[in-house]
Amino acid sequence: MARTVRTLTISVVFAFLLAGCQGDEGKGGLPTSRGTRATGLSDLEAIDVADDPLAERNGGVKILSDVQYGQSRVLGYVNKESCGILAHARNDPKENRIHLVAHWPDAGHGSASHPPGLSSRPGGPYHAVSGGSGPKAWASLMCSRNAMVISYVSGEPGPPESARGPVTATQVSDTPPTTRITVAEAGLRKQIHSNLGSADIAQ
């Protein structure tokens, strides 16, 4: 009798754990290291930008981040099911302009044009685009539903002066000065930077 009760108890516990696992898989979002779900880019809070250079674009453009250097800035935004960045001179949005857009990939279908294995890292899968402006300014954008990972060469010495929004900026190279800009909720940003390395310089 004792053996029967013990067997039933183990069976009930196993069934409870299995149900819990199946319930988690049915929820949207991305699991974090603590077992919670990441907030998607579309659900992050927008920031206000004076003289918004994206104001005339059609659709629901939502600016999430503004990283400023001495002479330039990088805006990160979402628009429907895509990520975008606009980099330009602070005194003239038409100068040194880089505008990149990448659509969210379907689960498990990231771009082949990024460093190997990045789609399996936190926040992925990603689609990737890149481009430049003039001889010094260059940027790349990795886009997923939950995060943007941007590499930006401003052509200016040193790290950015300020960063607003759910963003972390990290200087990853001195020659040329290159910043990694990650836009995501705080917990996911920490996972991405822990996975990719380097110390935070602005947040």
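Which aspartates and glutamates, if any, have their Cα less than 12 Å from the Cα of Lys190, not counting same-chain residues under 8 positions apart?
Asp200
Quick query: amide H of Arg90 versus all other amide H atoms, modeled in the peptide plane; which residues come in under 5 Å with a sequence gap of 5 or more or a different chain?
Ser72, Arg73
How long is the gain from Ser42 to Glu56 if the chain were fully straight, where each residue apart is worth 0.36 nm and the alpha carbon distance is subtracted?
Numbers: separation 14, 0.36 × 14 = 5.04 nm, distance 1.95 nm.
Length difference between fully extended and current span is 3.1 nm.
Under a straight-distance cross-link criterion of Cα-Cα below 20 Å, which aspartates and glutamates are reachable from Lys136, leaving out those fewer than 8 residues away in the same chain?
Within the straight-line cut-off, Lys136 pairs with Asp92, Glu95, Glu156, Glu161, Asp174.
Which whole-number value in Å² is the accessible area per residue of the range 57-97, probe 1.4 Å?
Values: 1760 Å² over 41 residues.
Result: 43 Å² of accessible area for each residue.
Which ³J(HN,Hα) values, rounded to whole Hz and listed in residue order, are derived for the range 85-95 from phi using the Karplus coefficients 6.51, -1.76 and 1.60 in 6.51 cos²θ - 1.76 cosθ + 1.60 with θ = phi - 60°, glycine and proline given as x?
Whole-Hz 3J(HN,Hα) from phi for the range 85-95: 10, 10, 10, 6, 5, 5, 8, 7, x, 8, 9.
What FRET efficiency comes out for Lys80 versus Ser173 if R0 is 25 angstrom and r is the Cβ-Cβ distance? Round to the nearest 0.05.
Details: r = 33 Å, r/R0 = 1.32.
Rounded to the nearest 0.05, the efficiency is 0.15.
Residues of the range 38-79 with backbone nitrogen within less than 11 Å of a virtual label 7 Å along the Cα-to-Cβ line of His99, please, listed as ranges.
Those under the cut-off are 53-58.
The values are calculated or read from the model by the stated rules, or taken from the named source; none is laboratory data. All figures in this text were calculated on a predicted structure; none of them were measured in a lab. Cβ atoms come from the backbone with ideal geometry, glycine included; neighbour counts cover every protein chain shown. In case anyone asks, the SASA skips ligands and DNA or RNA and just uses the protein heavy atoms, side chains included. Shrake-Rupley method; radii C 1.70, N 1.55, O 1.52, S 1.80 Å.
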